[in-house]
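Remarks on the structure that follows.
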Amino acid sequence: MSARVIIVVLGKQGAGKGTQCKRLAQHLGIPHVSTGDILRAAVRDATPTGLEVSSILHAGQLVSDDIVNRLVKDRFNDTDARGGALLDGFPRTASQAEALDEILGEDGVKICINLDVPNSLVAERLSSRRVCQECGAIYRDTDIEAISGTCSNCGGDVIQRDDDLPEAILKRLEAYERDTAPLLSFYDGRGLLVRVDGDQDPQEVTAEILDVLSERGIT
Ligand code: AMP
């Protein structure tokens, strides 16, 4: 794989960004960088940033650009991100996309994958989603891990995230339409946007993305 492969994965909450980024990270050997995960960990660990953003996260609103831009910039300095990263949940606004370009300098974003799914599917997926607080593994409410509350991967607590509750889901979908949908035109205008149907088996979605990456000479 060439120097630094930055892949932006866009899509509504519940489109499967987290699942696909985890799968792709294994295939490509670059880390899955989720600003949502970084922020939730900061809240859980009660770091200064976590204390600052806690109420914003619980309300399903967007954290300020300054904070997330800084978190991403710091994350890129980690050794494991030297070869690139799969960005999940960032950028989320046009101004974050511009900040990302600045952070990356010459390297730039290689491709932007838009996981396309209808709102009805998103609402269904999010409300049934359960997540391991320790390792981030994702389950459905009918899975044994969700029922027992224990992750089979790491033994951590499996919970329903506050922002997967119905009211927060609605707010997050509204925020997506308002702030993130314009990013599609931002990347489309640069010839970097590829639409992938997110309403298929996760394996099929991954295979389709890997095909696109290889067709474009990215991997
Ligand atoms: P996510 O897991 O990506 O849905 O993110 C969960 C929450 O973290 C969001 O509802 C926001 O409050 C916050 N968040 C995550 N990424 C960003 C971002 N790029 N800009 C602003 N807020 C963010």
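A few remarks follow.
- By the Cβ distance rule (another cysteine Cβ under 4.7 Å), the unpaired cysteines of the chain are CYS21, CYS112.
- Kirkwood hydrodynamic radius of the chain, from the reciprocal of the average inverse Cα-Cα distance over all distinct pairs: 17.7 Å.
- Rg followed by Dmax, in Å, when the stretch 140-187 is reduced to its Cα trace: 15.8, 44
- Neighbour cut-off at most 15 other Cβ (10 Å), DSSP loop, GluC sites (Glu not before Pro), the stretch 93-132: GLU106
- Counting charges near LEU51 (Lys, Arg +1; Asp, Glu -1) among other residues having Cβ under 12 Å from its Cβ returns a value of -1.
- Here the calculated FRET efficiency for ASP197 and GLU52, from their Cβ-Cβ distance with R0 = 45 Å, stands at 0.75, rounded to the nearest 0.05.
- Ignoring aspartates and glutamates fewer than eight residues from LYS22 along the same chain, the ones with Cα atoms less than 14 angstrom from its Cα are ASP37, ASP88.
- Residues GLU124 and ILE147, FRET efficiency given R0 of 22 Å [Cβ-Cβ distance, rounded to 0.05]: 0.75
- Its Cα gyration tensor gives the stretch 132-219 an equivalent ellipsoid; the semi-axes, largest first and in whole Å, are 31, 21, 11.
- Charge context of ASN119, other residues only, Cβ under 13 angstrom, K/R +1, D/E -1: -2
- Structure-based [θ]222 nm, the chain - -39500 (n - 2.57) summed over DSSP H runs of at least 4, per residue, nearest 500: -14000 deg cm²/dmol
- For ASP65, net neighbour charge (Lys/Arg +1, Asp/Glu -1) across residues whose Cβ lies under 13 Å away: -1
- A quarter of the convex hull surface defined by the alpha-carbon atoms of the stretch 1-123 gives 7.9 nm² as the mean projection.
- Less than 5 angstrom separates the built amide H of ASN114 from those of LEU10, VAL194, ARG195, VAL196, all sequence-distant by 5 or more or on a different chain.
- Nearest-20 debye value, the chain charge dipole, Cβ charges on Lys, Arg, Asp, Glu: 160 debye
- Rounded Å value of the spacing that divides the Cα centres of the stretch 84-140 and the stretch 166-202: 9 Å
The numbers here are math on the coordinates, done by the rules we state, and not lab data. What you are looking at is a predicted structure, and each value in this text was computed from that prediction instead of being measured. With ideal geometry, Cβ positions are generated from the backbone for all residues, glycine too; neighbour counts draw on all protein chains shown.
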